[in-house]
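The values are calculated or read from the model by the stated rules, or taken from the named source; none is laboratory data. No experiment lies behind these values; they were computed from the predicted model shown. Glycine gets a Cβ as well: all are built from the backbone with ideal geometry, and neighbour counts include every protein chain shown.
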């Protein structure tokens, strides 16, 4: 009987830890829409491109996102290298690096040249 109660207690504890861990993982990635300049990269593990975004607020801040190596990320690197884009996806911070998982993107028109 004591063994059975101990096993039930252990099972409850493991399930509780699993639910808590899942909650933290879900909170870590947040949905975003960013607009910035794409630069394809090689040699960075798990990353196919970077996106540089100028965030304007009280002070202008430059944020560089590493684009995660997924099919959508690979398309972004191939089709939009050197271009300004609007990207929808999720951002997760890993080892102080902002990792962007692309769900969709669109290339923005180049600004009109001044004459």
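Pairing residues of the stretch 56-79 that are free of Cβ contacts under 8 Å to residues at least 24 places away in the same chain with residues that are part of a loop (DSSP other than H, G, I, E, B), at Cβ distances under 6 Å and at least 6 apart in sequence or on separate chains, gives 69/46.
Look at residue 104 and say whether it is modelled with pLDDT of 95 or more, in contact with a strand residue (DSSP E or B) (Cβ under 8 Å, 6 or more places away or on another chain) and surrounded by 10 or more Cβ atoms within 10 Å (Cβ to Cβ). Criteria met by residue 104. Can you pull out the residues in the stretch 40-89 that are over 15 Å from residue 105 (Cβ atoms) and surrounded by fewer than 11 Cβ atoms within 10 Å (Cβ to Cβ)? Matches in the stretch 40-89: 42, 43, 45, 56, 57, 58, 59, 60, 61, 62. All conditions in (1) under 14 Å from the mean Cα position of the chain (by Cα); (2) surrounded by 14 or more Cβ atoms within 10 Å (Cβ to Cβ); (3) touching a residue at least 24 places away in the same chain (Cβ under 8 Å) hold for residue 37, with the sole exception of (1).
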